[in-house]
Amino acid sequence: MLSRASHAIALCSIANFINSADRVIMPIAIVPMADEYKWDLHGQGWVLSSFAVGYMSSQVIGGSGAKKYGGKMMLTIAVLLWSLSTFLVPFFAHSIHALILSRVLLGLGEGLGLPTIFHIFSHAIPCEERSRAFGYLVAFGSIGQTFASVLCPHLDWEWMFYLFGFMGFVWVFLWIVMYKEIRTSTEEDFVDPPKVNNNNVSWREFLCHWPLWSIYIAHFSMNWSNYIIMQWLPTYMTRTLGAEKSHIMFTAVPYIMNSLVGMGAGHFADSLITRDKWTLLSVRRLMTSIGLLGPGLFILFFSAVNNLSLAVFFVSLSLGLSACNSSGHLSNHAEVAPNHAGITFAISNTLATIPGITCGPLTAELVLQSHGRWFPVFIIAAGVNFVGAIIYLSQSAASQVL
């Protein structure tokens, strides 16, 4: 019999599997779609980035809505919205403007999801199990991306959206039937009670503490390189490395690496904490350093090679090591703001979605201005990672600030 915590982890991790799979479909489908509808590189960039506009807009709504109305209702709404917008993409594809709108709606739905899950986890998962909980959450997201990356190249692009949209509808049914939420004063307390139980915090407080900003900046830095890989890897492999359609399934390898490292890093981080070998802050800083400096280094190696196999190897190491962040700054929210983890994550993920908006058109512009060269794109990504690691190392904390 699964405990309440294990039940929450399992269902939410499956939701993140579908969430993450839905994000990978368009970067794969856009190659045949662009050929069919004659979109230029700038048009493709806006289609890819429009998701982030909606995603950025709904983060705080998800975090505060889960606190007010409960995680079950908010996650039901979130998965229904993103699944419906995925399922309907083939009906909008004839018009690039309608397609962009559907991508914005996808972002709105997915933007509600993770802050709600953070709220659920912060009320159900004790500190000594938190790293592995977030590790499994992130790992299932990577497994979803892997599954989509392997399967989608073998499907007509329309069926990519039909399949994963339908999977979301099935999950909603199971969630409503299987997940029981008890909302009482006891259930609304954290498993590990905060030192200061302050529910009346002004919005200004979320922007006035450097330990919070260190998390926000680390999250922004992680997402900068991750969005580039997620949005542009199939295009880069096809147009620059000469990959054929059958080779696009190799975009699954980085996500496999990400899921394996994420689960392993979560157990490793929790073992350091439970055995009292490291302080909580030292573990968060160690895992974030690995999760930012490693990907920054290997994305430079990735950009410097022209061999497809070697490129897949380096980008897999880059995305794989990025999973260590789940045991670093992503787990840090419930420690610095235990009563408001859903909201602090929502703010963090809102800021970290800016790269998702800018990476599409900015990458297209840099590549065009560089006469087809991608090196400037990856240099900037690595630099952002290095700066984020330095700021987190110097400014982070593991004690409550809100």
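Throughout, read-outs are computed from the coordinates displayed, never taken from laboratory work. What you are looking at is a predicted structure, and each value in this text was computed from that prediction instead of being measured. Because the Cβ atoms are built from the backbone with ideal geometry, glycine has one as well, and the counts that use them run over all protein chains shown.
Some observations on this one:
- Cα-based helix-to-principal-axis angle, 280-303 vs the chain, degrees rounded to 10: 0
- Across the stretch 46-51, coupling constants 3J(HN,Hα) worked out from phi with the 6.51/-1.76/1.60 Karplus curve, θ = phi - 60°, read 6, 4, 5, 8, 5, 3 Hz, and Gly and Pro carry x.
- The length gained by stretching the chain between F375 and E36 to full extension, at 0.36 nm per residue less their Cα-Cα distance, is 119.2 nm.
- For the chain, calculated [θ]222 nm from helices alone, where every DSSP H run of n ≥ 4 adds -39500 (n - 2.57): -25500 deg cm²/dmol
- Helix 210-239 axis, angle to the chain major axis (alpha carbon atoms, nearest 10°): 20
- Percent RCO, i.e. relative contact order, over the stretch 247-402, from Cα pairs under 8 Å lying at least 6 residues apart: 32
- Straight-distance candidates among the lysines for linking to K38, with alpha-carbon spacing under 19 Å and chain neighbours fewer than 8 residues away dropped: K245.
- Rounded, prolate or oblate (a/c below 1.5 giving rounded, otherwise prolate when a/b exceeds b/c) for the stretch 53-94 by Cα gyration tensor: oblate
- In summary, the lysines within cross-link reach of K277, defined as a Cα separation below 26 angstrom excluding same-chain residues under 8 places away, comprise K195.
- Shape call, the stretch 251-302: gyration tensor on alpha carbons, a/c limit 1.5: oblate
- When +1 charges are put on Lys and Arg Cβ atoms and -1 charges on Asp and Glu Cβ atoms, the dipole computed for the chain relative to its Cα centre reaches about 400 debye.
- At an R0 of 35 angstrom, the distance between the Cβ atoms of F386 and R204 translates into a FRET efficiency of 0.70.
- Full-stretch length increase - E181, A5 - with 0.36 nm per residue and alpha-carbon distance subtracted: 62.2 nm
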